[in-house]
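S.K.: Before I ask anything, let me first share the structure, which is written out below as structure tokens.
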Amino acid sequence: MGEFINHQELDEETLFLVSQTFKALSDPTRIRILNLLFSREHSVNEIADALNLRQSTVSHQLRFLKNLRLVKYRREGTTLFYSYDDEHVMDMLKQTIEHSIHS
């Protein structure tokens, strides 16, 4: 099987961050947003249009993902462009999607 980190008791901060990451990945809207960001960065409006969501919904979800450092943004004028910020989480999401498709 895969290699594991030496077993050790997890501190409270690590437990919280792990649980928040799984919480982020448990929401269908956030999964759709992250899946869209696999290809390239997108503005809030582009995400809303591509996923047929309200801009306020997208902004709310991006704020949640940004607080967990799963997405980042860059500003161009008044427009924010979002991209993913954690290769490990994106790899996990990709593997989970592939697993689900093959099930």
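The values are calculated or read from the model by the stated rules, or taken from the named source; none is laboratory data. On a predicted model such as this, the values are computed, not experimentally measured, just so you know. So basically every Cβ, Gly included, is an ideal-geometry build from the backbone, and we count neighbours across all protein chains shown.
Table: residues versus (1) at pLDDT 95 or above; (2) touching a strand residue (DSSP E or B) at 6+ places or on another chain (Cβ under 8 Å); (3) not hydroxyl-bearing (Ser, Thr, Tyr).
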site	(1), (2), (3)
5	no, no, yes
35	yes, no, yes
57	yes, no, no
73	yes, yes, no
87	no, no, yes
92	no, no, yes
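S.K.: With 75, 69, 32, 40 as the choices, which residue is free of Cβ contacts under 8 Å to residues at least 40 places away in the same chain, closer than 26 Å to residue 100 by Cα, basic (Lys, Arg) and not in a helix (DSSP H, G or I)? Spell out how you get there, then give the answer.
M.R.: Details: 75 fails: closer than 26 Å to residue 100 by Cα; 32 fails: not in a helix (DSSP H, G or I); 40 fails: free of Cβ contacts under 8 Å to residues at least 40 places away in the same chain.
Only one candidate qualifies: 69.
S.K.: Which of the residues spanning segment 78-103 are touching a residue at least 40 places away in the same chain (Cβ under 8 Å), over 11 Å from residue 33 (Cα atoms) and of a type outside the set (D, E, K, R)? Write out each step before concluding.
M.R.: As a first pass, look at segment 78-103 and keep what is touching a residue at least 40 places away in the same chain (Cβ under 8 Å): 81-84, 89-90, 92-94, 96-97.
Subsequent filtering for residues that are over 11 Å from residue 33 (Cα atoms) retains 81, 89-90, 92-94, 96-97.
81, 89, 90, 92, 93, 96, 97, listed by residue number.
S.K.: Next question, about the same structure. Can you pull out every residue in segment 43-63 that is part of a helix (DSSP H, G or I), buried (at least 16 other Cβ atoms within 10 Å of the Cβ) and touching a residue at least 24 places away in the same chain (Cβ under 8 Å)?
M.R.: Once the filter is applied, which keeps residues that are part of a helix (DSSP H, G or I), buried (at least 16 other Cβ atoms within 10 Å of the Cβ) and touching a residue at least 24 places away in the same chain (Cβ under 8 Å), segment 43-63 yields 44, 47, 58, 61, 62.
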